Amino acid sequence: MKEKIRWGIIGLGGIAKKFADDLKLVDDGQLVAVASRSLDKAKAFAKDYNVKNAFGSYDELFKFPDVDVLYIATPHDSHAELSIAAMTNGKHILCEKPVAVNRKDVEKMVAASKANNLFLMEAMWSRFNPSIIKVKELIDDGAIGDVAYVNSDFTYYGLDRDEEGRILNPELAGGSILDIGIYPIFLAYLILGKPNEIIARSNFYKTGVEIQTSMIFDYENSQAILHSGFATDLQVKGKISGSKGSLVLHPMWHMAQGYSIEKGGAVQDFKLPTLGMGYSYEIIEVHNCLRAGKLESDLWSHQNSLDLMELMDEVRRQVGVVFPFES
């Protein structure tokens, strides 16, 4: 791998800008090309970020030789198709979460990674957040005893959004489960693994998308109580409780800047500020994996993405969410 790892970005919305900002903070990475379906949008993004190459189609960037790895930042209904097309053209992939819409599509993506001998990782950036890594280490070391309870939510008010946009449009795989429900489901999976049983209930919007979902993940000796939705704007806090105490990820927990330990009525707060927004850590992980010749990350593997999507598939099955392009 060259001294600087050369990045391209597919899809140039708000999250792509955050990613590009954090990429500047990683010394051995460089953004060299961007692509949008609008050439004007691509040129404007390239000007803002001092990028030399701007393309008005994704296919042009797939075929561009001077890029090592692509960040796929389009709406999630296109993730599988674009990632597979990019890997077919020899590009390593970091794909925004959820990595696909269902487990079947994730299986196709993993198969393409192996067939083409190319790296693929879901951009589950919270997995690499320093506070979340530390909390996981403390739990594994027995700091709060046997975990009996995980409580996590993720909401924001989204009912005032454009109904043709990705949030409220079923044609674009809208709804809270895939967009933000993935975060509390991820936390339960990270701490407790796959549950024995899932109970899920949802409320729906006039466009047909799910806009509020509550979930119970039931394990042999523990439970996770999870929630996602666009109808409220909650604190977005994550708490893990065990036989000896609790660990709290500070709001907004998916991008936590610290954590607390609660034991015997006493609370200790710890600050762990992120480098930039926190996308830098997943970028560093990609770089480490590419330099080591890996096809997947040890911290967030292909199997982890398959498992997470399987859990979301089951939640969707229980509440009756089927997107028009799936039926």
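Among 314-325, 264-275, the peptide with the highest mean count of other Cβ atoms within 10 Å heads the list, and the full ranking is 314-325, 264-275.
Diffusion of region 126-203 by Stokes-Einstein, at 25 °C in a medium of 0.890 mPa s and with Rh set to the Kirkwood radius over alpha-carbon pairs, works out to 165 µm²/s.
Angle of helix 79-88 to the longest C-alpha principal axis of the chain, folded into 0 to 90 degrees and rounded to 10: 50°. Against the main long axis of the alpha-carbon atoms of the chain, helix 14-23 sits at an angle near 80°. Just to confirm a number: summing +1 for Lys and Arg and -1 for Asp and Glu over residues other than GLY245 whose beta-carbon lies under 10 angstrom from that of GLY245, what do you get? Around GLY245, the surrounding residues sum to +1. Simple spin-label estimate for LEU275 and MET252 gives 2.2 nm between the two label positions (7 Å along the Cα-to-Cβ direction from each Cα).
Determine the share of the chain's accessible area contributed by carbon and sulfur atoms, expressed in whole percent, with a 1.4 angstrom probe.
Values: 6610 of 13910 Å².
Carbon with sulfur: 48 percent of the solvent-accessible area.
Helix-only arithmetic for the chain: the sum of -39500 (n - 2.57) across DSSP H runs with n ≥ 4, divided by the residue total, places the mean residue ellipticity at 222 nm at -9500 deg cm²/dmol. Rounded to the nearest 5, the antiparallel percentage of DSSP beta bridges internal to region 130-273 is 85%. Setting aside same-chain residues fewer than 8 positions from LYS263, which aspartates and glutamates have a Cα under 16 Å from its Cα? By straight Cα distance, LYS263 reaches ASP141, ASP146. Figure legend: label point modelled 7 angstrom from the Cα of ASN196 along Cα→Cβ; residues of region 237-267 with amide N under 20 Å from it are 241-243.
Counting other C-beta atoms within 10 Å, and keeping those with at most 16, which DSSP coil trypsin sites (Lys or Arg not before Pro) do you find in region 5-69?
On the way: sites: ARG6, LYS17, LYS18, LYS24, ARG37, LYS41, LYS43, LYS47, LYS52, LYS63; in loops: LYS24, ARG37, LYS52.
Answer by residue number: LYS24, ARG37, LYS52.
Springs join every pair of Cα atoms under 10 Å in this Gaussian network model of the chain, and among GLY245, GLY175, GLY90 the largest mean-square fluctuation is at GLY245.
Using the beta-carbon distance between ILE133 and LYS206 and R0 = 41 Å, what value does 1/(1 + (r/R0)^6) give for FRET efficiency, to the nearest 0.05?
Values: r = 41 Å, r/R0 = 1.00.
The value I calculate is 0.50.
The stretch between ALA143 and GLU310, if pulled fully straight at 0.36 nm per residue, gains 57.1 nm over its current Cα-Cα span. Along its principal axes, the chain has C-alpha extents of 57, 46, 37 angstrom, given from the largest down.
What the Cβ-Cβ distance of GLN318 and LYS263 gives, at R0 = 41 Å and to the nearest 0.05, is a FRET efficiency of 0.70. Among the GluC sites (Glu not before Pro) in region 202-289, which ones are in a DSSP loop with at most 12 other Cβ atoms within 10 Å of the Cβ? Mind listing them? When the GluC sites (Glu not before Pro) of region 202-289 are filtered for loop state and at most 12 Cβ neighbours within 10 Å, GLU220 remain.
What Kirkwood hydrodynamic radius do you get for region 1-65 when you take the inverse of the mean 1/r over all pairs of distinct Cα atoms, in Å?
Numbers: mean 1/r = 0.0852 Å⁻¹.
Hydrodynamic radius (Kirkwood, Cα pairs) of region 1-65 is 11.7 Å.
Taking only the alpha carbons of region 1-110, we obtain Rg and Dmax values of 13.1, 38 Å in that order. For region 49-175, the pair-distance distribution built from all alpha carbon pairs, in bins 10 Å wide starting at 0, is 11, 30, 29, 23, 6, 1 percent. Size descriptors for region 130-273 (Cα atoms only): Rg and Dmax, in that order, 16.2, 50 Å. Checking the Cα-Cα distances for LYS104/LYS206; LYS63/LYS97; LYS136/LYS237; LYS24/LYS136; LYS91/LYS294; LYS134/LYS194 against a 18 Å cut-off, the pairs over it are LYS104/LYS206; LYS63/LYS97; LYS24/LYS136; LYS134/LYS194.
Contact order, relative form, for region 130-273: 29 percent (alpha carbon pairs under 8 Å, 6 or more residues apart, mean separation divided by residue count).
The values are calculated or read from the model by the stated rules, or taken from the named source; none is laboratory data. Note that this is a predicted model, so its numbers are computed, not measured. Counting neighbours? That spans all protein chains shown, and the Cβs are built from the backbone with ideal geometry, glycine included. Surface accessibility is based on the protein's heavy atoms, side chains included, excluding ligands, DNA and RNA. Shrake-Rupley method; radii C 1.70, N 1.55, O 1.52, S 1.80 Å.
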